[in-house]
Structure formats: structure tokens, C-alpha cells
């Protein structure tokens, strides 16, 4: 590869790494922002209306609370999933950047961008394999393993990204339990006599 081609590839990789890092940060901020609105919003709302609810109102309030927590949990999960994907892409791009700086020779075929029509991100061929190699397992099994380590107090065995994600689900669950208690138990209501 010529120096101009190498410089162009490095410039493009630096730009993509920056984009993925900003996207990663944005996705994490979105997840935590959703929680920041959910926690006080649900607690203030349930505390305000719970004292005036009869049995039917409490049932409806609990159903609405369950629906809301499910929607927020799905949104938070989606944001964290996209955050993981952005981090994996950033790692793959850094790995490829290191190879290009190290003098790897890329053929014209590897520099081609395939003609994909699936609406996804289109990468030059030389990135395909690296992106697959750097993908992190975020399946239910890894989440279950992280949760077991969390319960056992073995924080050091939990992957760093999973720590913040797991904490957000704990905040979501505790807030929802407290809100349900406010709806059903008068002693948890701030207006109780």
C-alpha cells in the first residue's frame, strides 16, 4: 500500500473510532437518563395518587406500573445492547488500526465495500472478520452469570460494562417495588396519617 492509501485508511479508522466512542457514550447516557426520569417520576406520581385510590384504582395503578417498568426495562436494555455493539466495533477498529500501522498489506479486494442492501452498516471487507472476532457475548447466559456473581458479592468477576448495566436493573427493580408498596401499603404513603 502506498503512504497516501495508508494515511487515508488511518484517517477513516480514526474517524470511525471517534464516531463509535461518541455513540457508545450516547447510548449509556440514554439508558441512565431514562432511569433518571423513571425513578423520581414513578415515586412522585404513586405517592401523589395512591392515598386517593380504592381497590380498583390500585389494581389499575399496579397494571400501569408493570406496563411502564416493562417499557422502560426494554428501552434501557436496547440502549445497553447498542452500547455494547459500539464498544465492540470500536475495539475491532482499533485492532485493525494497529495492524495497518504495523504494516499489514491490504489488497484491493479487501479494501472494497460490499454492495449490501440490508440497511446495516457497510464495512470494507478487511473489517468483517475483525468485527466478528471482537464481538462480546451479551447473551442471557452471560447476564445470568453476572447476576450470580453480583448476588455472591464477587464484583471482580463481572465484566465492567455489565456492572453498570446490572446496577441500572437493580435501581429499576427497587424503584418499582417501592412504588408498588406505596400503591398498596398505606404506611409507605407520605400522606398517611
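Ignoring everything except DSSP H segments at least 4 long, calculate the 222 nm mean residue ellipticity for the chain; use -39,500 (n - 2.57) per segment, divide by total residues, nearest 500. Display every interim value, and only then the final one.
On the way: 6 runs with 144 residues, N = 193.
Counting only the DSSP helices, I get -26500 deg cm²/dmol.
With r defined as the distance between the Cβ atoms of residue 36 and residue 99 and R0 fixed at 35 Å, what FRET efficiency is calculated, to the nearest 0.05?
Details: r = 40 Å, r/R0 = 1.15.
Working from the Cβ atoms, E equals 0.30.
Stretched out straight at 0.36 nm per residue, the stretch from residue 11 to residue 64 would grow longer than its current Cα-Cα span by 14.1 nm. Annotation for residue 19 and residue 170: the two label points, set 7 Å from Cα along the Cα-Cβ direction, are 3.7 nm apart. Among the listed options (i) 1.95; (ii) 1.61; (iii) 1.44, the one matching Cα Rg over 2.2 N^0.38 Å as calculated from these coordinates is (iii). Computed from the C-beta positions of residue 81 and residue 152 and an R0 of 25 Å, the FRET efficiency is 0.50 to the nearest 0.05.
Extension gain, residue 163 to residue 55, is 35.0 nm, computed as 0.36 nm per intervening residue step minus the present C-alpha separation.
Bear in mind that the values in this text are calculations on the coordinates, not laboratory data. Only a predicted model underlies this, so the values are computations on that prediction, with no experimental measurement involved. Don't worry about glycine lacking a Cβ; one is built from the backbone with ideal geometry, like all the others, and counts go over all protein chains shown.
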